[in-house]
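Here's the structure we're looking at; comments come further down.
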Amino acid sequence: MIELQHLSKRYGSKLAVDDISATIRPGMVTGFLGPNGAGKSTTMRMIVGLDHPTSGSATVNGRRYQNSAAPLHEVGALLEAKAVHTGRSAQNHLLALAATHGIPKKRVHEVIEMTGLGSVARKRVGGFSLGMGQRLGIAAALLGDPHTLILDEPVNGLDPEGVLWVRRLTRQLADEGRTVFLSSHLMSEMAQTADHVIVLGRGKIIADAPMTDIIAASTGNLVHVRTPQTADLARLLTAPDVSVTSRENGLLEVSGIDARQIGESAASHGIVLHELTPVNASLEDAYLQLTNDAVEYRTEEVR
Amino acid sequence: MTTATATPAPRSLDSIRLSFPGLIRSEWIKLRSLRSTVWCYVLIILATAGFSVLMALSANFGGDDLPQAAQNSMVAQYLTVGGNFTGLIAAVLGVLVISGEYTTGMIRTTYTAAPGRLSAYTAKALVLTVVTFIVGLISVVAALAASIPVFALNGVSPDLSNPDVLIALIGSAGYLALIALLSFSFGAILRNSAGGIATAVGMLFVLPVGINIVYSFTGATWAANIATILPGSVGAALYQYNGEGTEAAPAVGFNADGILVLDQAWMLIIFAAWIVLGLVAGAILTKRRDA
Ligand SMILES: Nc1ncnc2c1ncn2[C@@H]1O[C@H](COP(=O)(O)OP(=O)(O)O)[C@@H](O)[C@H]1O
Ligand SMILES: [Mg+2]
């Protein structure tokens, strides 16, 4: 379990993480979602003591990570930037890491096999592709058989097969009762991996909810209705939990009532319909809406 | 590429602990698994042996019949004269051992495994110092093996059981080790290979010469005195030969011209002070800064 209490981090004049509090629970995959620059990596670095919080605290299983007797058994971390000396082989990197905690060599070979690095383990890391580097980072994270995994953008640079593998792996680790905390800037990725999501924007938590809630809230059924009698239909459908908006002439966007009910009401009142289309707002749309005010680097709109 | 799913780790991992001996082992693996480190050490051994043979070739050119004390002194001094060059290699190595971790991002792995940081910092410094000292000793043995036959051709054979000779030779290994250690602290403070190497090489080898040039042109005694206490100058005390026939220790203090005069003990004390200062500053910054 990871607990963040009023955690903040300031770099000069930049408030990268702004007073966030959250609990990341064991036995499930918790996604950490937010656009680039939201503060995900900074938060993760603070959890493992690499960056010092400006205020607030982060604890792992009730204590600061720095106070663990076996940090690699407590937390396995894959950090965003490669954290490996390019001149060393993957195997020697892992052996050196294992030595700090007296982890047997057998375990080093196990994680090498597990992450599919067998054929390149003796090669220097400098020549690794992004995907290979990610696999080595994951191998290092798994090395100490940690209770908690912190994976910063783990699927970055992985091929589709690798992406699937990470999904299965994180699921399995969570099912074993471990705490799994992984970040991504892609909603679609999260939707397929996480049970619970914490959405971060400009250093602040925007949402902290089960994935199913986020999906339900974001895909609330919207129906497009085209009719020459917009005023009549709008009046007819109006009810406390139904919302009707009109963006262009002859088109209504209705939510809170499904297409079948709209069609039946219209028919019974003799209103002509030219179109009746249920629309699923995509997850990406919902995410963009959620973080709209909090996007750090907005892409210039193309005209 | 095929990948297996995670197999549960053996239960035995529940008993793993971060430990200082473990960190020492880890740093030893790191040190020997980088080509650059290994090459630096090979170069130190080859250069020491090579210099010693060159010096031996020119020893006692007149072929005089030298007293044993003079032969000892000659060998002790000729064998340590390569120290300036090998010290340079040791300095580069000392910086790289730590700055290389910062420039590649490896330091994050190191400090995630040992989040207290200072234990890893200490283990790294210790392994570097001990290994460099041992390599220094190997260099001395290699230099003796390579040069003694050549010295003998020129009628010079040292008495290797003479403690003054041995102390100077072992001291040259200690000099290399401590130069590496001091440079390590520069690397830890600057966290950057180019800056660290420039600082180490500057402080140890360039500034003493540079400042002495200033002194010779301007006669500014402060310049001479600064050059005297720079680590590169005081460090040479480690391989100073004190056997029979060497001059008596000078009176310590400022002489009539205002020039600072140090004896070997004071040089060693000042050298140690540099190292302590560097290591403490490095440790404080290591603990304080974000990695
Ligand atoms: N070491 C640092 N020094 C200065 N600014 C930083 C540093 N690390 C991150 N930042 C800034 O903090 C913000 C959050 O960055 P980051 O945590 O990397 O976001 P994310 O991982 O969500 O993309 C960004 O504006 C970034 O530029
Ligand atoms: Mg990031």
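List pairs: first residue in the range A:15-41 and more than 19 Å from A:Met187 (Cβ to Cβ) and of a type in the set (A, V, I, L, M, F, W, C), second residue within 8 Å of ligand 1 (Cβ to nearest atom) and part of a strand (DSSP E or B) anywhere in the structure, Cβ distance under 7 angstrom, at least six positions apart or on different chains.
So the pair list comes out as A:Ala16/A:Lys9; A:Val17/A:Lys9.
Residues checked against (1) part of a helix (DSSP H, G or I); (2) surrounded by fewer than 22 Cβ atoms within 10 Å (Cβ to Cβ); (3) within 14 Å of another protein chain (Cβ to nearest Cβ); (4) not polar (S, T, N, Q):
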| site | (1), (2), (3), (4) |
| --- | --- |
| B:Ile44 | yes, no, no, yes |
| B:Ala47 | yes, yes, no, yes |
| B:Ala56 | yes, no, no, yes |
| B:Asp64 | no, yes, no, yes |
| B:Phe85 | yes, yes, no, yes |
| B:Leu88 | yes, yes, no, yes |
| B:Val97 | yes, no, yes, yes |
| B:Arg108 | yes, no, yes, yes |
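Conditions (1) facing another protein chain (nearest Cβ under 10 Å); (2) crowded, with 22+ Cβ neighbours inside 10 Å, marked per residue:
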| site | (1), (2) |
| --- | --- |
| A:Thr115 | yes, yes |
| A:Ser119 | yes, no |
| A:Gly127 | no, no |
| A:Arg135 | yes, yes |
| A:Ala139 | no, yes |
| A:Gly144 | yes, yes |
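If a residue must be more than 8 Å from every other protein chain (Cβ to nearest Cβ) and either surrounded by fewer than 23 Cβ atoms within 10 Å (Cβ to Cβ) or more than 15 Å from B:Arg191 (Cα to Cα) (or both), how many such residues does the range B:110-119 contain?
Pass one, the range B:110-119, residues more than 8 Å from every other protein chain (Cβ to nearest Cβ): B:110, B:117-119.
The next check asks that each one be either surrounded by fewer than 23 Cβ atoms within 10 Å (Cβ to Cβ) or more than 15 Å from B:Arg191 (Cα to Cα) (or both); those that pass are B:117-119.
Of the residues in the range B:110-119, 3 are more than 8 Å from every other protein chain (Cβ to nearest Cβ) and either surrounded by fewer than 23 Cβ atoms within 10 Å (Cβ to Cβ) or more than 15 Å from B:Arg191 (Cα to Cα) (or both).
Please name all residue pairs, on different chains or six or more residues apart, with Cβ atoms under 8 Å, provided the first residue is in the range A:68-97 and is part of a loop (DSSP other than H, G, I, E, B) and the second residue is acidic (Asp, Glu).
From the range A:68-97, the pairs are A:Ser68/A:Glu74; A:Leu79/A:Asp152; A:Glu80/A:Asp152; A:Glu80/A:Glu153; A:His85/B:Glu101.
Output the residues belonging to the range A:30-74 that are away from every other protein chain (no Cβ under 14 Å), within 16 Å of ligand 1 (Cβ to nearest atom) and more than 16 Å from A:Arg10 (Cβ to Cβ).
Scanning the range A:30-74 gives A:Thr30, A:Gly31, A:Phe32, A:Leu33, A:Gly34, A:Pro35, A:Asn36, A:Lys40.
Inspect the range B:84-91 for any residue being over 24 Å from B:Arg35 (Cβ atoms) and out of contact with any strand residue (DSSP E or B) (no Cβ under 8 Å at 6 or more places or on another chain) and give the result as yes or no. Please lay out each step first, then the result.
Of the range B:84-91, the ones over 24 Å from B:Arg35 (Cβ atoms) are B:84.
From what is left, the residues that are out of contact with any strand residue (DSSP E or B) (no Cβ under 8 Å at 6 or more places or on another chain) are B:84.
The answer is yes; a qualifying residue exists.
Whether any residue in the range A:160-168 is closer than 25 Å to A:Val111 by Cβ, touching a helix residue (DSSP H, G or I) at 6+ places or on another chain (Cβ under 6 Å) and more than 10 Å from chain B (Cβ to nearest Cβ) is what I want to check.
For the range A:160-168, residues closer than 25 Å to A:Val111 by Cβ, touching a helix residue (DSSP H, G or I) at 6+ places or on another chain (Cβ under 6 Å) and more than 10 Å from chain B (Cβ to nearest Cβ): present.
Please tell me if B:Leu126 is surrounded by fewer than 23 Cβ atoms within 10 Å (Cβ to Cβ) and free of Cβ contacts under 8 Å to residues at least 24 places away in the same chain. Reasoning before the result, please.
Numbers: surrounded by fewer than 23 Cβ atoms within 10 Å (Cβ to Cβ): yes; free of Cβ contacts under 8 Å to residues at least 24 places away in the same chain: no.
For B:Leu126, the condition - surrounded by fewer than 23 Cβ atoms within 10 Å (Cβ to Cβ) and free of Cβ contacts under 8 Å to residues at least 24 places away in the same chain - is not met.
So is B:Ala70 part of a helix (DSSP H, G or I), open to solvent by 30 Å² or more (accessible area, probe 1.4 Å), over 30 Å from A:Ala140 (Cα atoms) and among the small types (Gly, Ala, Ser) or not?
Working: part of a helix (DSSP H, G or I): yes; open to solvent by 30 Å² or more (accessible area, probe 1.4 Å): yes; over 30 Å from A:Ala140 (Cα atoms): yes; among the small types (Gly, Ala, Ser): yes.
Yes: the conditions hold for B:Ala70.
For A:Gly157, work out the one condition from (1) within 14 Å of chain B (Cβ to nearest Cβ); (2) within 16 Å of ligand 2 (Cβ to nearest atom); (3) open to solvent by less than 30 Å² (accessible area, probe 1.4 Å); (4) modelled with pLDDT under 95 it doesn't fulfil.
The number of the failed condition is (3).
Just to check your reading of the model, which residue among B:Leu204, B:Leu166, B:Leu160 is crowded, with 21+ Cβ neighbours inside 10 Å and closer than 27 Å to B:Leu79 by Cβ? If you could, list the steps in order and put the result at the bottom.
Details: B:Leu166 fails: crowded, with 21+ Cβ neighbours inside 10 Å; B:Leu160 fails: crowded, with 21+ Cβ neighbours inside 10 Å.
From the options B:Leu204, B:Leu166, B:Leu160, the qualifying one is B:Leu204.
Report yes if some residue within the range A:10-29 is within 16 Å of ligand 2 (Cβ to nearest atom), within 14 Å of another protein chain (Cβ to nearest Cβ), crowded, with 24+ Cβ neighbours inside 10 Å and under 24 Å from A:Tyr287 (Cβ atoms); otherwise report no.
Scanning the range A:10-29, I find at least one residue that is within 16 Å of ligand 2 (Cβ to nearest atom), within 14 Å of another protein chain (Cβ to nearest Cβ), crowded, with 24+ Cβ neighbours inside 10 Å and under 24 Å from A:Tyr287 (Cβ atoms), so the answer is yes.
If A:Gly131 satisfies every condition in (1) in a helix (DSSP H, G or I); (2) crowded, with 22+ Cβ neighbours inside 10 Å; (3) modelled with pLDDT under 95 but one, which is the exception?
(2)
Does A:Leu173 fit the bill of being within 16 Å of ligand 2 (Cβ to nearest atom), under 17 Å from A:Gly27 (Cα atoms) and assigned by TED's automatic domain parsing to the domain that holds A:Thr59?
Working: within 16 Å of ligand 2 (Cβ to nearest atom): no; under 17 Å from A:Gly27 (Cα atoms): yes; assigned by TED's automatic domain parsing to the domain that holds A:Thr59: yes.
Judged against the criteria, A:Leu173 is not a match.
Looking only at residues that are charged (D, E, K, R) and within 16 Å of ligand 2 (Cβ to nearest atom) in the range A:53-90, which one is most open to solvent (accessible area, probe 1.4 Å)? Before you say what the answer is, go through the steps one by one.
Keep residues of the range A:53-90 that are charged (D, E, K, R), which gives A:63-64, A:74, A:80, A:82, A:88.
Within this subset, residues satisfying the condition of being within 16 Å of ligand 2 (Cβ to nearest atom) are A:80, A:82.
On the way: A:Glu80: 98, A:Lys82: 80 Å².
The residue in question is A:Glu80.
Among (1) farther than 30 Å from B:Gln71 by Cα; (2) modelled with pLDDT of 85 or more; (3) part of a helix (DSSP H, G or I), there is one condition B:Leu268 misses while meeting the rest; what is its number?
(1)
Do we find that B:Ala125 is out of contact with any His (no Cβ under 8 Å at 6 or more places or on another chain) and within 13 Å of chain A (Cβ to nearest Cβ) in this structure?
Details: out of contact with any His (no Cβ under 8 Å at 6 or more places or on another chain): yes; within 13 Å of chain A (Cβ to nearest Cβ): no.
It is false that B:Ala125 is out of contact with any His (no Cβ under 8 Å at 6 or more places or on another chain) and within 13 Å of chain A (Cβ to nearest Cβ).
Can you tell me which residue is farthest from the other protein chains (Cβ to nearest Cβ) among those in the range A:174-192 that are out of contact with any helix residue (DSSP H, G or I) (no Cβ under 8 Å at 6 or more places or on another chain) and open to solvent by less than 10 Å² (accessible area, probe 1.4 Å)?
Checking each candidate, the answer is A:Thr179.
Scan the range B:235-288 for residues that are of a type in the set (D, E, K, R) and either surrounded by 12 or more Cβ atoms within 10 Å (Cβ to Cβ) or under 19 Å from the mean Cα position of the chain (by Cα) (or both) and jot them down. So that I can check it myself, show each step before the final result.
Taking the range B:235-288 as the starting set, the residues that turn out to be of a type in the set (D, E, K, R) are B:244, B:247, B:257, B:263, B:287-288.
Result: B:Glu244, B:Asp263, B:Lys287.
Taking A:Leu50, is it away from ligand 2 (no atom under 16 Å from the Cβ), in contact (Cβ under 8 Å) with a residue 24 or more places away in the chain and surrounded by 21 or more Cβ atoms within 10 Å (Cβ to Cβ)?
Working: away from ligand 2 (no atom under 16 Å from the Cβ): no; in contact (Cβ under 8 Å) with a residue 24 or more places away in the chain: yes; surrounded by 21 or more Cβ atoms within 10 Å (Cβ to Cβ): yes.
When the stated conditions are applied, A:Leu50 does not pass them.
The values are calculated or read from the model by the stated rules, or taken from the named source; none is laboratory data. What you see is a predicted model; the values in this text were computed from it and never measured. Cβ coordinates were reconstructed from backbone atoms using ideal geometry, including for glycine residues, and neighbour counts include every protein chain displayed. Side chains included, ligands, DNA and RNA excluded: accessible areas come from the protein's heavy atoms. Shrake-Rupley method; radii C 1.70, N 1.55, O 1.52, S 1.80 Å.
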